[in-house]
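Let me begin by presenting the structure, written as structure tokens, before commenting on it.
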Amino acid sequence: MTDHTASTPETAPPRVGIIMGSQSDWETMRHAADTLAALGVPAEVRIVSAHRTPRRLYEYAETARARGLQVVIAGAGGAAHLPGMCAAMTPLPVFGVPVESRTLKGLDSLLSIVQMPAGVPVGTLAIGRAGAVNAALLAAAVVALRDPAVAEALDAWRARQTDAVALEPVDPPE
Ligand code: RP5
């Protein structure tokens, strides 16, 4: 039976933490926040830089599980240490989103995040918006393991996506 008493994003304590290295990452990471909101998953959003605010990162990662978070989504660009450093300090699953950088188009971010040595995993997503959306969908899938309302929302989201795919392509407008 579906539990419709599950929490709403407005009132409930956050289950997913979205962190990013800079304000400039928000343009990408807001897609993770929007996706979680659409699925009814309560999330918190913070700027936490591995380089510029290392103590804030330490405090965030060390307290994440005790504060009730179940997953962390970490987005960063360039020398993107944030997801790996966060994963080193929390037992929670960490999903890393490589933010597209100006000079190297996010390849630097991707390689920084994906090439973790064995023992400290970061689930690494695609560069940019696709990665942010998919990180949110994966985070929701983790939350859904214990929250039937989120599981139902995820099923509905997928069904809507399937329904939105036309059978035949149409010509673009001239
Ligand atoms: C990283 O440096 C951030 O994650 C961001 O993607 C990148 C550039 O930051 P800003 O110079 O725009 O603040 O730490």
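Between the amide H of Arg65 and any residue lying 5 or more places away or on another chain, no distance stays under 5 Å, with hydrogens modeled in the peptide plane. Residues whose amide H comes within less than 5 Å of that of Gly75, counting only those at least five positions distant or on another chain, are Ile19, Met20, Gly21, Val97 (H built at 1.01 Å from N in the peptide plane). Overall, the chain carries a charge dipole of about 780 debye about its Cα centre when +1 sits on the Cβ of Lys and Arg and -1 on the Cβ of Asp and Glu, all other atoms neutral. Ordering Ala126, Ala66, Ile19 by Cα displacement along the dipole of the chain toward the positive end leaves Ala66 in first place; charges were set at the Cβ atoms of Lys, Arg (+1) and Asp, Glu (-1). Sorted largest first, the principal axis extents computed over the alpha-carbon atoms of the chain equal 48, 47, 30 Å. Across region 58-73, rounded Karplus estimates of 3J(HN,Hα) from the backbone phi angles (6.51 cos²θ - 1.76 cosθ + 1.60, θ = phi - 60°) give 4, 4, 5, 5, 5, 9, 4, 5, 5, 7, x, 5, 10, 8, 10, 10 Hz, Gly and Pro being marked x.
The numbers here are math on the coordinates, done by the rules we state, and not lab data. Treat the numbers as computed from the prediction; the structure is a model and nothing was measured. Cβ sites come from the backbone with ideal geometry, for glycine too, and all protein chains shown count toward neighbours.
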